[in-house]
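As structure tokens, the structure follows; a few thoughts come after it.
The values are calculated or read from the model by the stated rules, or taken from the named source; none is laboratory data. These numbers come from a predicted model, not from an experiment. All Cβ positions, even for glycine, are placed from backbone atoms using ideal geometry, and neighbour counts span all protein chains on display.
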Amino acid sequence: MKTQTEFIRFLQKSAHHLKPVVQIGKNSLTPGVIKEIIEALNTHELIKVQFLPSQKPLMNSICQDILSATNALFIKQQGNIITIFLAKAKDSAFINE
């Protein structure tokens, strides 16, 4: 069994090739965007969310709102992109049970 640090490093490596699936734009974080993020997490478990440059000053606050709304785990921030993870209840591709 991996420690949490090892697991996060594993997820960071797994996310390296991924492209952002959701973009936070000028309207910031709307209920529709949260719904998109939840659907993407339910489908892929590990996703990247991109922030437009206009949202960069609010990025930390918006990121906390996303994590609260989705119960996802923050994996990494690189520039204006965050990586988050939420394991599926069954058949997770990332967690061996």
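With the requirement that a residue be within 18 Å of Pro20 (Cβ to Cβ) and surrounded by 11 or more Cβ atoms within 10 Å (Cβ to Cβ), what does region 79-97 give you? Asn80, Ile81, Ile82, Thr83, Ile84, Phe85, Leu86, listed by residue number.
Kindly evaluate Lys19 against the criterion of being within 15 Å of Ile81 (Cβ to Cβ) and part of a strand (DSSP E or B).
Numbers: within 15 Å of Ile81 (Cβ to Cβ): yes; part of a strand (DSSP E or B): no.
So Lys19 fails the test.
Residues are listed down the side, and each one gets a yes or a no for (1) surrounded by 16 or more Cβ atoms within 10 Å (Cβ to Cβ); (2) in contact with a strand residue (DSSP E or B) (Cβ under 9 Å, 6 or more places away or on another chain); (3) part of a loop (DSSP other than H, G, I, E, B); (4) modelled with pLDDT of 95 or more:
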site	(1), (2), (3), (4)
Leu29	yes, no, yes, no
Gln50	yes, yes, no, yes
Gln55	yes, yes, no, no
Leu58	no, yes, no, no
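Considering region 47-92, and only residues there that are free of Cβ contacts under 8 Å to residues at least 12 places away in the same chain and either among the small types (Gly, Ala, Ser) or touching a Ser or Thr at 6+ places or on another chain (Cβ under 9 Å) (or both), the residue that is nearest to Ser14 (Cα to Cα) turns out to be Phe74. Scanning region 67-97 for residues that are in a helix (DSSP H, G or I) and closer than 13 Å to Asn42 by Cβ yields a single hit, Thr70. Restricting attention to region 38-64, the residues that are under 12 Å from the mean Cα position of the chain (by Cα), of a type in the set (D, E, K, R) and over 25 Å from Thr5 (Cβ atoms) total 1. For first residues located in region 21-36 and among the polar types (S, T, N, Q), partners that are in a loop (DSSP other than H, G, I, E, B) and modelled with pLDDT under 95 and lie 6+ apart or on another chain with Cβ distances below 9 Å form the pairs Gln23/Leu52.
Quick one: Gln12 ticks every box in (1) surrounded by 13 or more Cβ atoms within 10 Å (Cβ to Cβ); (2) out of contact with any Lys or Arg (no Cβ under 6 Å at 6 or more places or on another chain); (3) of a type outside the set (Ser, Thr, Tyr); (4) part of a helix (DSSP H, G or I) except a single one, so which number is it? Exception for Gln12: condition (2).
Here is a yes/no grid of residues against (1) modelled with pLDDT under 95; (2) buried (at least 16 other Cβ atoms within 10 Å of the Cβ):
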{"residue": "Thr3", "(1), (2)": "yes, no"}
{"residue": "Glu6", "(1), (2)": "yes, no"}
{"residue": "Lys19", "(1), (2)": "no, no"}
{"residue": "Ile66", "(1), (2)": "no, yes"}
